[in-house]
């Protein structure tokens with residue numbers, strides 16, 4: 001113990017300890033005591049070596065305490081005259097303001113050639129070309145929908161809807177869907193193609209809203225095609241009976257679409 | 001390939017943890033292993049010409065790299081978060097202490113010094129939180145500090161020195177100037193440190 005205080009070049013503690021050991025040795029008459037004395041000598045010589053190292057070190061005397069005090073001053077410490085009873089620590093009195101390290105933070109970067117950290121401005125959304133690995137998970141999810149969304153088919157069905165009652169709107173959409181399907185029953189209609197309005201995000205959401213009614217009422221159904229993209233088709237009236245019996249066929253799906261993805 | 005690598009490096013550098021060649025090969029270069037050094041060189045040139053950054057290999061055995069700023073330091077506001085700057089403040093103080101004390105200090109001596117600044121290893125700090133972790137973990141991982149075991153100590157003790165990133169991002173001269181500024185003295189006041197810094 002007391003290693004640090006012994007090492008302090010200004011202290012003579014080491015010498016004192018050695019002198020005391022010398023005196024004690026006179027009283028030694030047992031082997032065990034001699035062994036203890038030898039142990040002490042080993043430790044003392046280690047400390048001596050360290051002290052010598054500190055002397056030899058080519059560094060001019062550097063007073064770290066003074067440095068610390070000057071740093072505190074730089075950080076804006078408020079030193080009080082009276083001997084304040086600082087309840088917690090045994091440091092010299094003084095109040096270090098909250099922005100102390102901020103002051104240091106303002107000065108410090110001048111001494112470093114640190115590369116500024118790089119962040120994408122808008123978040124990354126392009127599915128190709130590849131972007132560093134951390135982002136790859138995100139890419140996979142969005143690129144799925146992207147392929148379809150990038151080329152919305154002609155949405156002739158999306159005429160202006162002027163605040164019609166929801167049911168009317170839903171009926172209208174159903175009719176559109178049926179017409180489309182009749183015209184070409186073998187081509188699946190991509191769900192996204194169906195609902196997305198390339199000019200209006202709000203309208204797209206509205207369309208999805210209306211379509212969800214159709215699904216709920218069993219008037220249309222959504223399936224996944226080979227690419228695991230949703231396609232929508234109207235249900236045949238006769239098929240209703242089958243639908244009901246296959247209770248498990250009706251699932252709830254939550255589709256989330258925010259403005260960025262829509263874009 | 002080159003631009004992929006450039007992006008990869010820029011993002012990986014965010015945490016300031018050195019980038020390993022193995023990661024670069026795995027994530028970006030993959031099949032083009034043979035062209036590795038060419039790709040890396042080109043990426044380095046791009047980083048330099050477009051971003052003003054230098055790609056530096058800090059460990060030639062384990063092949064780890066860091067990015068540092070190649071541009072001369074400009075006056076004025078530094079665009080980075082306050083948190084980051086405060087940490088740099090603490091780091092600068094630590095690096096100064098280490099240098100002025102002969103380039104190597106014992107763990108105990110460092111904390112004795114930091115205590116004077118009201119920074120304690122066992123006590124959560126208002127600004128830095130778990131300071132011990134910051135110093136012994138984060139700064140060491142980022143290669144700002146290097147921690148080595150002092151032989152024949154029982155219980156084991158550690159000593160701190162400047163890490164390779166510190167060597168590249170700053171200099172003894174800069175740090176001495178900082179100390180001189182804080183203490184209101186001329187850098188030549190500390191003759192041996194001064195001559196070492198000028199060497």
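What do you reckon, is residue A:227 in the same structural domain as residue A:179 (by the TED database) and at pLDDT below 75?
Criteria met by residue A:227.
Give the residue, chosen from B:140, B:50, that is more than 14 Å from residue B:166 (Cα to Cα) and away from every other protein chain (no Cβ under 11 Å). Explain how you work it out, then say what you get.
On the way: B:140 fails: more than 14 Å from residue B:166 (Cα to Cα).
Checking each option against the conditions leaves just B:50.
Residues of the stretch B:182-199 being more than 8 Å from chain A (Cβ to nearest Cβ), assigned to a loop (DSSP other than H, G, I, E, B) and farther than 27 Å from residue B:70 by Cα, which ones?
Correct list: B:185, B:186.
Do we have any residue at all in the stretch B:87-99 that's facing another protein chain (nearest Cβ under 9 Å), under 30 Å from residue B:148 (Cα atoms) and at pLDDT below 90?
The answer is no, given that none of the residues of the stretch B:87-99 is facing another protein chain (nearest Cβ under 9 Å), under 30 Å from residue B:148 (Cα atoms) and at pLDDT below 90.
Consider residue B:58 against the criteria (1) over 24 Å from residue B:167 (Cα atoms); (2) under 16 Å from the mean Cα position of the chain (by Cα): it satisfies all of them except one. Which criterion is unmet?
So the condition that residue B:58 fails would be (1).
Looking only at the stretch B:12-30, count every residue that is surrounded by fewer than 19 Cβ atoms within 10 Å (Cβ to Cβ), at negative phi and assigned to a helix (DSSP H, G or I) and tell me the total.
Residues in the stretch B:12-30 being surrounded by fewer than 19 Cβ atoms within 10 Å (Cβ to Cβ), at negative phi and assigned to a helix (DSSP H, G or I): 8 in total.
I'm told residue B:160 meets every condition in (1) touching a residue at least 60 places away in the same chain (Cβ under 8 Å); (2) in a loop (DSSP other than H, G, I, E, B) except one. Can you identify the failing condition by its number?
Exception for residue B:160: condition (2).
Within the stretch B:169-181, how many residues turn out to be within 9 Å of another protein chain (Cβ to nearest Cβ) and either under 16 Å from residue B:105 (Cα atoms) or buried (at least 18 other Cβ atoms within 10 Å of the Cβ) (or both)? Steps first, answer last, please.
Step one: filter the stretch B:169-181 for residues within 9 Å of another protein chain (Cβ to nearest Cβ), giving B:169-171, B:174-175, B:177-179, B:181.
Then keep just the ones that are either under 16 Å from residue B:105 (Cα atoms) or buried (at least 18 other Cβ atoms within 10 Å of the Cβ) (or both); that gives B:169-170, B:174-175, B:178-179.
Summing the residues that are within 9 Å of another protein chain (Cβ to nearest Cβ) and either under 16 Å from residue B:105 (Cα atoms) or buried (at least 18 other Cβ atoms within 10 Å of the Cβ) (or both) in the stretch B:169-181 gives 6.
Let's see how each residue does on (1) in a helix (DSSP H, G or I); (2) at pLDDT 75 or above:
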position	(1), (2)
A:156	no, no
A:167	yes, no
A:199	no, yes
A:210	yes, yes
A:213	yes, yes
A:232	no, yes
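Please identify the pairs in which a residue from the stretch A:95-113 that is within 17 Å of residue B:116 (Cα to Cα) and more than 7 Å from every other protein chain (Cβ to nearest Cβ) has its Cβ atom under 7 Å from the Cβ atom of a residue that is crowded, with 17+ Cβ neighbours inside 10 Å and modelled with pLDDT of 90 or more, counting only partners at least 6 apart or on another chain.
A:100/A:75
Condition test on residue B:93, is it crowded, with 18+ Cβ neighbours inside 10 Å, in contact with a helix residue (DSSP H, G or I) (Cβ under 6 Å, 6 or more places away or on another chain) and in a helix (DSSP H, G or I)? Write out each step before concluding.
Details: crowded, with 18+ Cβ neighbours inside 10 Å: yes; in contact with a helix residue (DSSP H, G or I) (Cβ under 6 Å, 6 or more places away or on another chain): no; in a helix (DSSP H, G or I): yes.
In short, no.
Which residue is surrounded by the most Cβ atoms within 10 Å (Cβ to Cβ), if the candidates are limited to the stretch B:107-123 and must be more than 9 Å from every other protein chain (Cβ to nearest Cβ) and within 19 Å of residue B:149 (Cα to Cα)?
Within the stretch B:107-123, the match that is surrounded by the most Cβ atoms within 10 Å (Cβ to Cβ) is B:110.
Hey, can you tell me all the residues within the stretch B:143-157 that are surrounded by fewer than 13 Cβ atoms within 10 Å (Cβ to Cβ) and either on the phi < 0 side of the Ramachandran plot or away from every other protein chain (no Cβ under 12 Å) (or both)?
If the condition is that a residue be surrounded by fewer than 13 Cβ atoms within 10 Å (Cβ to Cβ) and either on the phi < 0 side of the Ramachandran plot or away from every other protein chain (no Cβ under 12 Å) (or both), then B:148, B:149, B:150, B:151, B:153, B:154, B:155, B:156 are the ones that fit.
If you take the residues in the stretch B:70-86 that are facing chain A (nearest Cβ under 7 Å) and assigned to a helix (DSSP H, G or I), which one is modelled with the highest pLDDT?
Per the criteria, the residue is B:86.
Taking only the stretch B:46-62 into account, find how many residues are assigned to a helix (DSSP H, G or I) and surrounded by 13 or more Cβ atoms within 10 Å (Cβ to Cβ).
So the first thing to find is which residues in the stretch B:46-62 are assigned to a helix (DSSP H, G or I), and the list is B:46-51.
Narrowing the set further to residues that are surrounded by 13 or more Cβ atoms within 10 Å (Cβ to Cβ) leaves B:46-48, B:51.
Number of matching residues: 4.
Test of understanding: among B:135, B:179, which residue is within 21 Å of residue B:66 (Cα to Cα) and either in a helix (DSSP H, G or I) or assigned by the TED database to the domain that holds residue B:63 (or both)? Break it down into steps so the answer makes sense when it comes.
Working: B:179 fails: within 21 Å of residue B:66 (Cα to Cα).
Unique residue meeting the criteria: B:135.
Collect the residues in the stretch B:124-137 that are within 14 Å of chain A (Cβ to nearest Cβ) and over 18 Å from residue B:161 (Cβ atoms), keeping them in residue-number order.
Residues satisfying the conditions are B:124, B:125, B:126, B:127, B:128, B:129, B:131.
Looking at this structure, is residue B:13 within 11 Å of chain A (Cβ to nearest Cβ) and in contact with a strand residue (DSSP E or B) (Cβ under 7 Å, 6 or more places away or on another chain)? Walk me through how you get there before you give the answer.
Details: within 11 Å of chain A (Cβ to nearest Cβ): yes; in contact with a strand residue (DSSP E or B) (Cβ under 7 Å, 6 or more places away or on another chain): yes.
Answer is yes for this residue.
Just name the residue that is modelled with the highest pLDDT out of those in the stretch A:46-60 that are exposed (fewer than 13 other Cβ atoms within 10 Å of the Cβ) and assigned to a helix (DSSP H, G or I).
Here is the first cut: in the stretch A:46-60, the ones exposed (fewer than 13 other Cβ atoms within 10 Å of the Cβ) are A:49, A:52-53, A:55-56, A:58.
Next cut, assigned to a helix (DSSP H, G or I) only: A:49, A:52-53, A:55-56.
On the way: A:49: 71, A:52: 67, A:53: 62, A:55: 59, A:56: 50.
Result: A:49.
The values are calculated or read from the model by the stated rules, or taken from the named source; none is laboratory data. Fair warning: this is a prediction, and the values are worked out from it, not measured in the lab. Glycine gets a Cβ as well: all are built from the backbone with ideal geometry, and neighbour counts include every protein chain shown.
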